[in-house]
Amino acid sequence: MVLSRKLAKLEKIANGLGYKIVPGKENEVIPDDKIIKVNTRQKPIKRAWNAAHEIGHAITIDRCVTEIGKKALTGAEHEWPALEAEFRAWRETDKIIRKLGLYNSDYLKYKHHCIRSYYCLLNKV
Ligand SMILES: [Zn+2]
């Protein structure tokens with residue numbers, strides 16, 4: 001499956017959750033509007049990783065709010081509620097990336113780069 005087909009598949013997964021993927025400057029999920037913004041200026045493979053990750057947030061968001069509280073979405077990025085939300089989203093991201101056949105060391109390297117950045121924010125406080 002070529003990358004453009006994988007991106008189309010991600011779009012389908014998002015649609016199945018009631019979300020729409022739109023181009024944006026950042027990668028983010030806006031649950032109230034059921035929108036996933038994906039930075040289109042990044043390389044297609046990064047776009048796929050980030051779309052999958054934001055879908056991971058879309059999948060886990062309701063449970064996060066129920067079990068952790070609103071801080072999972074709105075709290076400071078370095079605090080545990082947001083970190084827990086990130087880990088839950090990454091678990092779903094792994095599953096989606098595996099399904100797309102994109103699970104490899106490049107993806108894992110990127111994932112850990114992101115996870116490390118959450119903790120680097122913590123150290124700046
Ligand atoms: Zn995230």
- prompt: Quick check, is Ile55 buried (at least 17 other Cβ atoms within 10 Å of the Cβ), touching a residue at least 12 places away in the same chain (Cβ under 8 Å) and among the β-branched types (Val, Ile, Thr)?
  reply: yes
query: Given the structure, is Thr74 under 14 Å from the mean Cα position of the chain (by Cα) and polar (S, T, N, Q)?
result: no
statement: Those residues of the range 24-49 which are closer than 20 Å to Arg91 by Cβ and within 12 Å of the ligand (Cβ to nearest atom) amount to Asn27, Glu28, Val29, Ile36, Trp49
field: Filter pass, Ile61 being in contact (Cβ under 8 Å) with a residue 40 or more places away in the chain, out of contact with any Cys (no Cβ under 9 Å at 6 or more places or on another chain) and not in a strand (DSSP E or B)
entry: no
statement: Given (1) within 12 Å of the ligand (Cβ to nearest atom); (2) assigned to a helix (DSSP H, G or I); (3) within 16 Å of Tyr19 (Cα to Cα), Ile96 misses just (1)
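Rundown of residues vs (1) more than 13 Å from the ligand (Cβ to nearest atom); (2) touching a Leu at 6+ places or on another chain (Cβ under 9 Å); (3) at pLDDT 95 or above, yes/no style:
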position: Ala51; (1), (2), (3): no, yes, yes
position: Cys64; (1), (2), (3): no, yes, yes
position: Thr74; (1), (2), (3): yes, no, no
position: Ala89; (1), (2), (3): no, no, yes
position: Asn104; (1), (2), (3): yes, no, yes
position: Leu122; (1), (2), (3): yes, yes, no
field: Number of the exception - Ile61 against (1) closer than 25 Å to His113 by Cα; (2) loosely packed, with under 15 Cβ neighbours inside 10 Å
entry: (2)
- prompt: Assuming Ala8 fulfils every condition listed in (1) closer than 21 Å to Tyr119 by Cβ; (2) exposed (fewer than 15 other Cβ atoms within 10 Å of the Cβ); (3) not polar (S, T, N, Q) apart from one, which condition is it?
  reply: (1)
query: Failed condition for Ile21, given (1) buried (at least 17 other Cβ atoms within 10 Å of the Cβ); (2) within 13 Å of the ligand (Cβ to nearest atom), with all others met?
result: (2)
- line: Filtering the range 66-80 for residues that are assigned to a helix (DSSP H, G or I) and either among the polar types (S, T, N, Q) or touching a residue at least 24 places away in the same chain (Cβ under 8 Å) (or both) leaves a count of 3
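The values are calculated or read from the model by the stated rules, or taken from the named source; none is laboratory data. Being a predicted model, the structure only gives us computed values, none of them experimental. Note that we place each Cβ from the backbone using ideal geometry, even for glycine, and neighbour counts take in every protein chain shown.
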